[in-house]
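The values are calculated or read from the model by the stated rules, or taken from the named source; none is laboratory data. The model shown is predicted, which means the values in this text are computed figures rather than measured ones. Positions of Cβ are backbone-derived with ideal geometry, glycine not excepted, and every protein chain shown enters the neighbour counts. These accessible areas exclude ligands, DNA and RNA; they are computed on the full protein's heavy atoms, side chains included. Shrake-Rupley method; radii C 1.70, N 1.55, O 1.52, S 1.80 Å.
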Amino acid sequence: MGWYHAVQMLEGRCPSASLDYIIEPWFLGPGSEGPGGPEFNEWATTTTSTYNTQFLTSVADLPTPAQPRVALISGRTADNPRLLNECIDAGCKCIYLEKPGAPTVKELEEMMECAEKAGIEVLMGYNKNVCKYVR
């Protein structure tokens, strides 16, 4: 779903947001020539030239934010606890975390504690289409 959120921001469907950075370690690294790699990199080149979005391989490569920064984490579930901590360290003030968030409830609780301690708001995303009882 992360790509869809990216497209929404790039196309101006979220007028108060800009997509300044995309962190993609796989397709910009070891997976660049594997399945999907060349297509991703072509999209990255077009996106950079059209929208001035920068593509990086690590959250640690982000510059210090000049204004409040929101992060959208759409990674592998096992990587999400680390990514959340990296985003907090990078100065993000709000984090949108796609489901399921972490491999275990214990890790989710630890993530929540870390965010609360840092004063960071974390929002959890889900898709209504897979949750019939939510209206």
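Relative contact order, percent, of the chain when contacts are C-alpha pairs under 8 Å separated by at least 6 residues?
Numbers: 155 pairs, mean separation 24.0, N = 135.
Here the relative contact order equals 18 percent.
Of all GluC sites (Glu not before Pro) in segment 26-135, which ones are in loop regions per DSSP and have a Cβ with at most 15 other Cβ atoms within 10 Å? Before the final figure, lay out each step's value.
Numbers: sites: E33, E39, E42, E86, E98, E107, E109, E110, E113, E116, E121; in loops: E33.
Taking segment 26-135 and a limit of 15 other Cβ atoms within 10 Å, the loop GluC sites (Glu not before Pro) found are E33.
Count the lysine pairs in the chain whose Cα atoms sit under 20 Å apart, keeping only pairs 8 or more residues apart in sequence or on different chains.
Details: K93/K117; K99/K128; K99/K132; K106/K117.
Close lysine pairs found across the chain: 4.
Just the number please: accessible area per residue for the chain, 1.4 Å probe, all protein chains included, in Å². Could the numbers behind the result be given before it?
Details: 9050 Å² over 135 residues.
Heavy-atom SASA per residue in the chain reads 67 Å².
Over what distance in Å are the Cα centres of segment 52-118 and segment 13-48 separated?
Using only Cα atoms, the two centres lie 18 Å from each other.
Find, among the trypsin sites (Lys or Arg not before Pro) in segment 1-91, those assigned to loop by DSSP (not H, G, I, E, B) with at most 10 other beta-carbon atoms within 10 angstrom.
Working: sites: R13, R69, R76, R82; in loops: R13, R76.
Taking segment 1-91 and a limit of 10 other Cβ atoms within 10 Å, the loop trypsin sites (Lys or Arg not before Pro) found are R13, R76.
Can you pull the percent of segment 48-131's accessible area that's carbon plus sulfur, 1.4 Å probe, other chains left in place?
C and S atoms contribute 52 percent here.
With viscosity set to 1.306 mPa s and temperature to 10 °C, compute the Stokes-Einstein D of the chain, Rh being the Kirkwood radius across alpha carbon pairs; µm²/s, no decimals. Write out the running numbers ahead of the final one.
Working: Rh = 16.0 Å.
Translational diffusion coefficient: 99 µm²/s.
In whole percent, what relative contact order does segment 1-74 give with Cα contacts below 8 Å and a gap of six or more residues? Could you put the intermediate results ahead of the total?
Working: 58 pairs, mean separation 25.6, N = 74.
35 percent.
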